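The values are calculated or read from the model by the stated rules, or taken from the named source; none is laboratory data. Just so we're clear, the structure is a prediction, and the values are computed from it rather than from any experiment. Note: ideal-geometry Cβ built from the backbone for every residue, glycine included; neighbour counts use all protein chains shown. Keep in mind that these areas ignore ligands, DNA and RNA; they rest on the heavy atoms of the full protein, side chains included. Shrake-Rupley method; radii C 1.70, N 1.55, O 1.52, S 1.80 Å.
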Amino acid sequence: MFGFFKKSEEEKLAEKGDKSAILKLIEKGKKDKAIEILERFKEDPELRPILFKLYMEEGKYYYAYQLVEYYDKNLATAKERALLYEKVGEIQKAVEEYSKVGDYESLYRAGMLLKEAQPKESLEFFERAFKLANEIQKKELEEHILEIKKKLGLVEVKKEGFLERLRKGLRKTRELLEFGVIFAGRKVDEELLEELEERLIRADIGVKTAEQLVEELRKEAIRKNIKTWEELLPVLREKLLSYIGNCKGELKEGKVYLFLGVNGSGKTTTIGKLAYRFKSQGKRVLLCAGDTFRSAAIEQLQVWAQRSGADIVYKEEGADPASVVYQALEKAQKENYDVVLIDTAGRLHTKEPLIRELRKIKQVIQKFYPEELTETLLVLDATIGQNSLSQAKVFKEAVDVSGIVLTKLDGSAKGGAVVPICSELKIPIKLLGVGEGLEDLQEFDPKTFVEELTS
Ligand SMILES: Nc1nc2c(ncn2[C@@H]2O[C@H](COP(=O)(O)OP(=O)(O)OP(=O)(O)O)[C@@H](O)[C@H]2O)c(=O)[nH]1
């Protein structure tokens, strides 16, 4: 029985740095153990490549990057180096390496990396890639090339306006509701009302709300002798508007914006989009990587700083978030930034640490900017619809949330969740995320929202 705990001969050998024993550990799937051992032998040029390969296989890009940078650039092929630079946000270095590799995939990656911030250079990479592309790849490249040419004014531009973006954002929900398809030209009867209720529930409007809404429509149809869907639709829109009209919120102009939300909700992306918007208004923007819980979140914000042209303050993984905020606000004051966007940790397993952390951050903000914090924005993922309500309530208890950002509407068929989110939280919805691009962020306008949803 004790043999179970005794280290195997092989493991003992591996721990002494025996290469074949380490390789045997890896063959047995003990990669973590192998990494732990190999990290003690970084100086050994014989073992370093094995560690590098493991880091890459395990997606530990930040560690692989450090191995290449501080020990030996030749550990990685040019393509691997490029990928590492990309993952840690060293965009220019990544582009140089991809350019050296020069195959289709590398040129394509370089083009994508430069697409937002340096469209002209990006176009050159896409056109180089086009020469090596097969038919399918050519199709995809043509889209990117056209988009950039439009942006550079090389072809006539049909700017995607507010309405187009909202239409794109609500496409999935509208396709699910299919009002225009299944109800057009039909008479209003019990069957239609039941179908309408069923579809509203599928769009995540909430069972109670759907029943109540349809009941009101039933009475209205009798009272006003409504016979067709075309006559009923304006009444439906008016009712829906009555549920969400009071949730319209304008983003306040000011200095400090705090972002809350669970991991994956779209916080970092939203910060990147807003940074881009403020930058295009000529403002000096500073990002603060207050989510120190995971290095991935810090790295991701660095990439968004690159893409939006904003500056950033961050510390190592595990640093005290309030200290990062302190450093950022100190810098913002000293160097006259117009706007500071603060990311915070998104883990929600228990309320207490979150509340404590957010309270500390707010105290630090008060110290630098005693006037009220401009916005405390709670980022909710529209693809999980009403399920975001429980998360929202925890955050709402922790701090007074000034507004909601509803993200990934373009990926969600649950656009109806705006109704319960609005009626339950009674917090203004300030912005909608309608895509992954820098400009895919727009104001919430209840009237157009209802019209687009039901058209
Ligand atoms: N389609 C679409 N995707 C979005 C939108 N907003 C964010 N995303 C994507 O959602 C994923 C998560 O976004 P993040 O910004 O990383 O979310 P986060 O809350 O910062 O998550 P952590 O970094 O884990 O804290 C990413 O793949 C984003 O590209 C949106 O409006 N539309």
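Length available on full extension from ASP72 to LEU241: 0.36 nm per residue minus the Cα-Cα distance, which gives 54.6 nm. Taking every DSSP bridge with both residues inside the chain, close to 15 percent are antiparallel.
Once you reduce the range 202-273 and the range 300-348 to the center of their Cα atoms, the two points are 33 Å from each other. Under 19 Å from a label point set 7 Å out along the Cα-to-Cβ vector of ARG356, the amide N atoms of the range 305-327 belong to 318-326. Using the 1.4 Å probe convention, the accessible area of the chain works out to 48 Å² per residue with neighbouring protein chains retained.
May I ask you to list the residues of the range 35-54 whose amide nitrogen lies under 12 Å from a point 7 Å from Cα along the Cα→beta-carbon direction of LEU23? Inside the label zone: 47, 50.
Here the range 124-145 and the range 52-66 have alpha carbon centers that stand 30 Å from each other. The HN-Hα couplings worked out from phi for the range 98-108 by the Karplus form 6.51 cos²θ - 1.76 cosθ + 1.60 (θ = phi - 60°) are 4, 5, 5, 5, x, 8, 3, 4, 5, 5, 5 Hz, whole numbers, x standing for Gly and Pro. Taking the C-alpha atoms only, the angle from helix 321-334 to the longest principal axis of the chain is near 80 degrees. Each residue of the range 286-291 was assigned a 3J(HN,Hα) from its phi angle through the Karplus curve 6.51 cos²θ - 1.76 cosθ + 1.60 (θ = phi - 60°); the sequence is 10, 9, 10, 7, x, 8 Hz, with glycine and proline shown as x. For ASP381, the amide hydrogen comes within under 5 Å of the amide hydrogens of THR407, counting only partners 5 or more places away or on other chains and with H modelled in the peptide plane. Taking the C-alpha atoms only, the angle from helix 351-368 to the longest principal axis of the chain is near 90 degrees. With pairing defined as another cysteine C-beta under 4.7 Å, the cysteines of the chain that fail it are CYS288.
So how tilted is helix 78-87 from the main axis of the chain? Cα-based, degrees 0 to 90, rounded to 10. The helix 78-87 is inclined about 50 degrees to the chain.
Rounded to the nearest 500, the helix-only mean residue ellipticity at 222 nm of the chain stands at -17500 deg cm²/dmol, with each DSSP H run of n ≥ 4 adding -39,500 (n - 2.57). Counting lysine pairs in the range 282-362 that sit 8 or more residues apart in sequence, or on different chains, and whose Cα atoms lie under 26 Å apart gives 15. Of the two radii for the chain, the radius of gyration is 1.05 times the Kirkwood radius, both from the alpha carbons; that is the Rg over Rh value. Backbone geometry of the range 118-130 corresponds, through the Karplus equation with coefficients 6.51, -1.76 and 1.60 at θ = phi - 60°, to 3J(HN,Hα) couplings of 9, x, 4, 5, 4, 4, 4, 5, 5, 6, 5, 5, 4 Hz, x marking Gly and Pro.
Distant-in-sequence amide contacts of VAL313, defined by a placed amide H-H separation under 5 Å and a gap of 5 or more residues or a different chain, comprise LEU287, CYS288, ALA289. For VAL256, the residues 5 or more places off, or on other chains, whose built amide H falls under 5 Å of its own are VAL340, THR374, GLU375. Taking all Cα pairs closer than 8 Å and separated by 6 or more residues, the relative contact order of the range 164-246 comes to 32 percent.
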